[in-house]
1. Failed condition for B:PHE104, given (1) within 14 Å of another protein chain (Cβ to nearest Cβ); (2) among the aromatic types (Phe, Trp, Tyr); (3) closer than 29 Å to B:THR7 by Cα, with all others met?
2. Please go through (1) aromatic (Phe, Trp, Tyr); (2) without any contact (Cβ under 8 Å) to a residue 60 or more places away in the chain; (3) touching a Phe, Trp or Tyr at 6+ places or on another chain (Cβ under 7 Å) for B:PHE47 and return the number of the only condition it doesn't satisfy.
3. Looking at A:VAL91, A:VAL25, A:VAL15 in this structure, which one is within 27 Å of A:TRP125 (Cβ to Cβ) and in a helix (DSSP H, G or I)?
4. So if I check each of B:ILE15, B:ILE23, which one is free of Cβ contacts under 8 Å to residues at least 60 places away in the same chain, part of a helix (DSSP H, G or I), under 20 Å from B:ALA97 (Cα atoms) and of a type in the set (Val, Ile, Thr)?
5. Can you find a residue in region B:67-79 that is β-branched (Val, Ile, Thr), in a helix (DSSP H, G or I) and surrounded by 18 or more Cβ atoms within 10 Å (Cβ to Cβ)?
6. Restricting to region B:140-176, count the residues that are within 7 Å of another protein chain (Cβ to nearest Cβ) and part of a helix (DSSP H, G or I).
7. Hey, can you tell me all the residues within region B:1-19 that are loosely packed, with under 12 Cβ neighbours inside 10 Å and more than 21 Å from B:SER92 (Cβ to Cβ)?
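The values are calculated or read from the model by the stated rules, or taken from the named source; none is laboratory data. This is a predicted model, so every value here is computed, not measured. All Cβ positions, glycine included, derive from the backbone under ideal geometry; neighbour counts span all protein chains shown.
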Amino acid sequence: MRKILLGLFAAMTTVLMVWGFHLAVNAPAEMMQGDAYRIIFYHVPSAMVAFLFFAVSMAGSIGYLAYREKNPTRALAWDGWAVAGAEVGVVFCTVVLVTGPLWGYRAWGIWWAWDARLTTTLLLWLIYVSYLLLRRFAGGSQMRTSSAVLGIFGGIAVPIVYISNRIPGQHPGPVFGGDSSSGMAPEILRPFLGNILAWLCWGLVVLILRHRLELKQQAAAARDAEQALNA
Amino acid sequence: MTSALWTHLVKDLRIEWRSREAINSMLFFALLVVVLFSLSFDPRGAFSRDISGGVLCVATMFASVSALNQAWAREIRHQVLDAQRMAPTSGSQMFMAKVLANFFFVSMVQLLLAPVFLVFYNLHILGNAWLLALVLPLGTWALVANGTFFAALSINSRNRELLLPLILFPIFMPALMAMVNATTGIFTGAFDPAVWIKLLAGYDIIYTTVSIMLFDTILRAE
């Protein structure tokens, strides 16, 4: 049943992605930037999804620590969310860090500026890569606890990054809820929201698949351990 | 200050007083970093003021990693750490004692390094020099509190000496950024370092609190 639901969701996501792409390509060109602005349909949704999944990872870490002693099976499921959120979040954050300079070179004439927003997003990416490294390096039963603790430390950095997003710098200011010049024309807003939805669904599909994979790996590891004990 | 914390602190200080391993190795390492940077960047005049804040912070950061690794490696020998786990005191007291001891060691290194630094980089401080007495301890605290915590976290992993900088540096970077900007502001007098000092203080409060709360979890991780 779950498999069928996931398959349906994946099919719906594919349709959404095609629709989002269609909207993004056919949206009218922007007044100042021409076609270069279209990166906003990929760059901004990816950033949103990355931040959301880092939050999922932090929630997974907290859940793991909370259930570690009371309910080990449930704790392992939370740990699965922690690793899935971090891994998929890093992928989306990589997309942000790659698409950003593409636009920056066109709009600013330089690939990278050490502006507060860029720097903090890069820092966030580094923190979660170090989280994934810790999971590789630290072996044994303590790995999950240690990485859950690091996941919480990393999650605390996310609001710091968010606050620095509102410090004025070279990066475009907040498009929504900023000053009076912020906001979007409706004919651009619709494709933008459509793409956010499409990329969010796509991210969720990958996240759920990664979580299922992690649960299977945990089960396989438990089976191997049991076989080694009985041999 | 409770007695368990005090006992741990006195013990750590006494061990260091007898061996002087941490301070000597850190001091020499930091000196090497300062010399390496001055060889590679040829610091003179205004340029030296621009980069010296960063060099000082990075030198301290690299140097402290060796001492932080040592701090817990000592406890592993003869299963001391296992005994500590069974002791009926909370782990956070042992953690705070180690943070205080390491804070003292790193601050000593900075004090001893300061004259060398002023000579090599021909520094004339243009801002409020006394603010350094606020920025350096705050930055050092951020480094040492997180470093002691992550050293304990990586103690049971393979390649723990390698792992510590890999997980410590990314988390420490916001504090490093604040520390470098604040010291550069003080050295050059070009801008007000107040906002960076506030950021650093906030970082210290948040991460020290979280470290104290989670230390028992990683100490008794098995």
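1. Of everything listed in (1) within 14 Å of another protein chain (Cβ to nearest Cβ); (2) among the aromatic types (Phe, Trp, Tyr); (3) closer than 29 Å to B:THR7 by Cα, B:PHE104 misses just condition (1).
2. The one condition B:PHE47 does not meet is (3).
3. Values: A:VAL25 fails: within 27 Å of A:TRP125 (Cβ to Cβ); A:VAL15 fails: within 27 Å of A:TRP125 (Cβ to Cβ).
Selected residue: A:VAL91, the only one of A:VAL91, A:VAL25, A:VAL15 that is within 27 Å of A:TRP125 (Cβ to Cβ) and in a helix (DSSP H, G or I).
4. B:ILE15
5. No - not one qualifying residue is present in region B:67-79.
6. 8
7. Answer for region B:1-19, where residues must be loosely packed, with under 12 Cβ neighbours inside 10 Å and more than 21 Å from B:SER92 (Cβ to Cβ): B:ARG14, B:TRP17, B:ARG18.
A quick yes/no check of all residues on (1) touching a residue at least 60 places away in the same chain (Cβ under 8 Å); (2) under 24 Å from B:SER157 (Cβ atoms); (3) polar (S, T, N, Q):
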{"position": "B:ALA30", "(1), (2), (3)": "yes, no, no"}
{"position": "B:ASP82", "(1), (2), (3)": "no, yes, no"}
{"position": "B:MET86", "(1), (2), (3)": "no, yes, no"}
{"position": "B:ALA114", "(1), (2), (3)": "no, no, no"}
